[in-house]
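The values are calculated or read from the model by the stated rules, or taken from the named source; none is laboratory data. Keep in mind it's a predicted model, so treat the numbers as computed, not measured. Positions of Cβ are generated from backbone atoms using ideal geometry, with glycine treated the same way; all protein chains shown enter the neighbour counts. Calculation scope for accessible area: heavy atoms of the full protein, side chains included, ligands and nucleic acids excluded. Shrake-Rupley method; radii C 1.70, N 1.55, O 1.52, S 1.80 Å.
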Amino acid sequence: MKTRRAIQWPTCGLILGATALWACGPGFPNWLLDGTEETLLRSPRLVFKRELEMINILPPSTFRAIVTTNTHPVESAQADLADLDRALRRSGLSDLERVRIVGGYEGERNRLEQLRSQVEDWREWQANGQVQRAAQWVHPVVPDGLPAEFAGYFLGAIEFTSGRTNEARHQWEQVLALPAPERPFRSTWAAYMLGKIDVDGDTPAAITRFRSVRDLARAGFSDSLGLAASSLGWEARAALRNQDFTRAIDLYLEQASAGDPDPTSLRTVAAEAMQQDDATLIWYAGYPAARRVITAALLASHEDHPYSVEHTEWVRNRKRRWLAALGGAGVREPEAADRFALLAYQAGEFEQAAGWLGLASPESLAALWLKAKLRMREGDLDAAATLLAQATRRLSALEQHPAQRPRQLLEGLQLSGDSGPQRLPGELGVLRLQRREYSEALDLLLRAGYHADAAFVADRVLTLAELRAYVDRNWPAADEEHTQAGEASSDTPRLAGVRSDIRHWLACRLTRADRFPEARAYLPPSLRDSFDELVEHLGAADDQSLRADARANAFWRAARITRYQGIKLFGTALEPDWQMWDGRFESGGPSIASRSNSPEASRLHPTPEESERTRVSAPDPDRRFHYRHRAANLAWKAAKLMPDQSDETARVLCEAGGWIKARDPEAADAFYKALVIRCGHTELGTAADRKRWFPRLDEAGRLAEPMPPPVVSTYSGAWPSD
């Protein structure tokens, strides 16, 4: 949804783009467990537009901005033609005559748009030093039958588009000179465009014109394009040219109150106000609207620049200047103290931050969050955890009644792209982990949406018994939980996904521990058929009463299921299998290694107990795509039960060796040697011997590449057996 912006026909207030948000990599979630204190000490940043809404400083406006859902020329044309149709209906013309006039006007309007495009191209050529001109200029004309106000306005638009500003001014002044009953539809349009003509020249005249747009709208003249609201922005621009920053702020605020969704102009005003001398800055600090807008703009600015220390210090110095101006103005505003505290924290003025926090409302969640960060800076992680727990409980209570809860600064804060209400319990989860409160840490991280952190704690830190107890207590199967009560699941889509994921992680840990009967109940239903087939084949493979060929077939079938569906049945959520990202990535994310390698001063290194827990819970083998090694081991057992010089035995050895040859050629070498020694007379064995490695197979397991020429072997030793 966008509010109408500057367009030729007529033009609306110019307010530039919106604030960009931080984002991370392609589909990767943010994580907190990187082991560095700076992760938790970093300052949140404000979303400027949200802050303007939350701090309740927008004055009421009697005007409404027109929100567009199409291109500006198209919607401007639609409004223009609709106005003309209404005017003609009022005149009592027949339907046929009305359609003829509107159709003729629409055609000339299209020609005017073509002329505008030609003029723009010509000006671009001139700016680039190119001597070119349009092949044939379009010449729109005023069609017959238009009411006087439409004819006069359209003629002014033709003159304006052609660059004849004075002639356009004359035509639009003529529209406004018509008796009021003869110009109900184009008075606001004409006054608005006259203001546009003067805005960069005769500023007082422009201000008068833009105010007249609003006066006309109040008097009942049609404002089909929302020009009264847009005129607020243009008058603010004129005030800004006169360096009347407080007037500009008031006007832009009213424009925002009228429904304009883009607050960038207010940030521009704040930036220009910060360039004034200290005495002027103190005066602005004493003016409530200016104080709040400038504070919000500074809180929304990036103080950290990854490539420029100078830029970072420049931004922080601006914030320090504003803090000094607040002090010079004697500001004592408890309802905004949490914002001033955040500003001081961003500027690195931690004592000032503590002072403002002492004045802040005890109900402010952002104030509690900042107090916790200050305690962390002092090294008191226990006190920080207590404060974050208090804030999280209050946040949870507020979320139970969203329609009744007061607006909080926390809701407008972001840190690394995460919202304040998400980040606060997430940071508490990190401190809970450090305090060995493992299940509590998992719950906080999981519910806050820190998926990778929660996966690490669930997969590697909790014992299997602890994880199962946590899941059974907090995330029972949705159908079991609600069927007993005779009701449908109340999970939101996000919670349904969380429930499925945590149960799936538990299922994979149980399968890795060979606890198959327990694992099945936690698997997603879509995986249970494959899981049942795997369990059936493993049971047959271990049945000593069966013939060797039956057991070999069972081992091989189990091996293939493990290889091709093992990431879903056995895989670790993060390293080494990266099930969370379907095995496609293998770097980043929480781990003991990454957290242990953080700066020595960090108090967030994994504890010895946590390190031992992750060692015990590691998959066997603890290697990339570990389930492929499990699959290869099952295939090896199958091959041992199969006859030598058999095409089927050769296929099993060749295919299974191929599963691990790229990442573990040493382990794969045993399969290669067995293929050559045990099946050297088969087609695959011969191909492997000549290639000195595994030949490529097609999907059916047959040789998929030409047979290489024989190679005379110089190997004089004996091939090893198993």
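Observations, loosely collected:
- Rough spin-label spacing in nm, given labels placed 7 Å along Cα→Cβ, for ASP215 and GLU272: 2.5 nm
- The loop-placed trypsin sites (Lys or Arg not before Pro) in region 318-389, going by DSSP, that have at most 15 neighbouring Cβ atoms within 10 Å of their Cβ come out as ARG332.
- Cα convex hull of region 204-351 - mean projected area over all directions, nm²: 10.6 nm²
- Cα-based equivalent ellipsoid of region 414-463: semi-axis lengths in Å, sorted from largest, via gyration tensor: 19, 11, 7
- Accessible area per residue for the chain, computed on protein heavy atoms with a 1.4 Å probe, is 46 Å².
- For region 538-580, alpha-carbon Rg relative to the globular expectation (2.2 N^0.38 Å, N residues): 1.47
- Backbone geometry of region 510-524 corresponds, through the Karplus equation with coefficients 6.51, -1.76 and 1.60 at θ = phi - 60°, to 3J(HN,Hα) couplings of 5, 5, 5, 8, 6, 9, 5, x, 6, 5, 4, 5, 9, 6, x Hz, x marking Gly and Pro.
- Karplus-derived 3J(HN,Hα) values for region 334-346, using 6.51 cos²θ - 1.76 cosθ + 1.60 with θ = phi - 60°, are x, 5, 10, 5, 5, 6, 5, 5, 5, 4, 5, 5, 4 Hz; glycine and proline are entered as x.
- Spin-label model distance (nm) - ARG241 vs SER91, 7 Å beyond Cα toward Cβ: 3.6 nm
- For LYS637, the lysines whose Cα falls under 28 Å of its own Cα, not counting residues fewer than eight places away in the same chain, are LYS568, LYS661, LYS673, LYS691.
- With one equal scatterer per alpha carbon and no solvent term, the Debye-computed log10 I(q)/I(0) for region 352-456 at 0.13, 0.15 1/Å reads -0.46, -0.61.
- Computed [θ] at 222 nm, helices only, for the chain once each DSSP H run of length n ≥ 4 contributes -39500 (n - 2.57): -18500 deg cm²/dmol
- Computed packing ranks the peptides 448-454, 495-501 as 448-454, 495-501, most packed first, by mean other Cβ atoms within 10 Å.
- The angle separating the long axis of helix 365-377 from the principal Cα axis of greatest extent in the chain is about 50 degrees.
- Relative contact order (%) - region 590-673, alpha-carbon pairs under 8 angstrom, separation at least six: 20 percent
- Contact order, relative form, for region 269-381: 22 percent (alpha carbon pairs under 8 Å, 6 or more residues apart, mean separation divided by residue count).
- The mean sequence separation of alpha-carbon pairs under 8 Å and at least six residues apart, normalised by the residue count of region 115-216, gives a relative contact order of 19 percent.
- Taking 10 °C and 1.306 mPa s as conditions, region 127-227 diffuses translationally at an estimated 108 µm²/s according to Stokes-Einstein applied to its Kirkwood radius (Cα pairs).
- Sorting the segments 288-301, 419-432 by their mean number of nearby beta carbons within 10 angstrom, highest to lowest, gives 419-432, 288-301.
- Convex hull projection area averaged over all views, the chain, Cα basis, nm²: 48.4 nm²
- Taking the C-alpha atoms only, the angle from helix 464-474 to the longest principal axis of the chain is near 40 degrees.
- Rg followed by Dmax, in Å, when region 498-641 is reduced to its Cα trace: 17.4, 62
- Taken over region 345-404, the alpha-carbon convex hull comes to 81 cubic angstrom per residue.
- Viscosity 1.306 mPa s, temperature 10 °C, Stokes-Einstein D of region 63-183 from Kirkwood C-alpha radius, µm²/s: 99 µm²/s
- Approximating the spin labels as points 7 Å out from Cα along Cα→Cβ, the GLU124-to-SER396 distance works out to 5.8 nm.
- Descending semi-axes in whole angstrom, ellipsoid equivalent of region 250-304, from the Cα gyration tensor: 20, 14, 9
- Against the chain, whose longest principal axis comes from its Cα atoms, helix 95-127 is set at around 70 degrees.
- Rg/Rh, computed from the Cα trace of region 552-708 with Rh as the Kirkwood radius, has the value 1.11.
- Lysines with Cα under 29 Å of LYS319, excluding same-chain neighbours fewer than 8 positions away: LYS49, LYS371, LYS373
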